[in-house]
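The structure appears below as structure tokens.
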Amino acid sequence: MIRATALALALAFTAGAASAQEGDDDATPAAVAPAGAPERVEFPAVDVERTPLSGFLYRPARPAAKAPAVVLMHGRAGLFSSLAKGRYEASTISQRHRWWARYWADRGYYVLLVDSFSARGYPAGFAAGTYKDRPLSVDEVNNRPMDAYGALKYLRGLPGVDGDRIGLMGWSNGASAALATMADDKPGDMKTLGFRGALAFYPGCGLKKKFEKAGYRPYAPVRVFIGTADEEVSPESCEKLVARSRKLGGDIELEVYKDATHGFDDPGKKRQGVAANATATEDVRGKAAAFFERTLAPR
């Protein structure tokens, strides 16, 4: 299975890079939507099962002839608001995801919010403290990276996207998925075939001990952001991962915000009412923008 998955991944990368402007027969084109509104799209993951996924595509407010793009990976609670009450659609996307998608679109990026959980039967996501009870199908180290690469391939098929300028961003469980996605353990020249860079907001950095022996090293720049008062994941674990990775030559940096909590960047009153979260949010927005401006520049 592992070899088959690696082969499927390699073939998918090759096809995605070679036909970046030819479209993808396995994907459903985005429907026409009002300006600024996201469009629901469908595409397969690049796993062996070719798991059918859905997502929401935001187009740039002022698109260039060929624009960069960002893939966004949600956390354990899923893509939608806790108030969705069974209505899993564009109008019930959680405010954090909606805010960041518009933030990037307003800066000229295509944005694809990937829904990893609905197709696997868990649209409402998972509560805190359920990590050990979650199904293998939503494994953030081995399975969700296949979703990220499915999204990468989909974006490369859109005529307005510059297929060489695509970044990755994730939160919490999705940030762990982003870290695993960027690991330099893939077939082929990932600096050409993969993402140009990634942002990981408060990830769990244990990564199921997958990189415990050999160490973790990303194939492209990665920046990690976490708070010292995080209630769900360990800042110390991320400090160890990043320090070891840098010794291995990894282009990875960690920003630790004093007294900031898990989900510090959520724009809601609950999180932004914490002074340390508000300070961290203001800082991380600027640093995130500068990071993608630099790493997704034409080359």
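Only the coordinates and a few stated rules stand behind these numbers; no lab work does. Being a predicted model, the structure only gives us computed values, none of them experimental. Here Cβ is always computed from backbone atoms with ideal geometry, including for glycine, and neighbour counts include all displayed protein chains.
The stretch between Ala90 and Lys258 holds 57.1 nm of extra length on full extension. This uses 0.36 nm per residue minus the Cα-Cα distance. Which of the following values of Cα Rg over 2.2 N^0.38 Å was calculated from the structure shown: [x] 1.11; [y] 1.16; [z] 0.92? Of the labelled values, this structure produces [z]. For the range 2-295, what is the percent of antiparallel DSSP beta bridges, rounded to the nearest 5? Antiparallel bridges: around 35 percent, rounded to the nearest 5.
For the chain, the relative contact order works out to 17 percent when only alpha carbon pairs closer than 8 Å and six or more residues apart are counted.
Between Ser234 and Ser137, the contour length at 0.36 nm per residue exceeds the alpha carbon distance by 32.5 nm. On the beta carbon distance between Asp106 and Ala243, with R0 = 45 Å, the FRET formula returns roughly 0.80.
Screening the chain for whole DSSP H helices of 15 Å or more along their axis (Cα) with average Kyte-Doolittle hydropathy at least 0.5 returns 2-18.
Counting lysine pairs in the range 65-214 whose alpha carbons fall under 23 angstrom apart, excluding pairs fewer than 8 residues apart on the same chain, gives 13. Distance between the modelled labels on Trp99 and Thr192, one decimal in nanometres: 4.1 nm (7 Å Cα→Cβ projection).
Note on Ser82 and Glu212: their simple-model spin labels are 3.2 nm apart, each label 7 Å out from Cα toward Cβ. Segment Val48..Glu293, full-extension length gain: 84.8 nm, with 0.36 nm per residue of separation and the alpha-carbon distance subtracted.
Which of the three applies to the range 45-97, rounded, prolate or oblate, going by the alpha-carbon gyration tensor with a ≥ b ≥ c and a/c under 1.5 meaning rounded? It comes out oblate by the Cα gyration axes.
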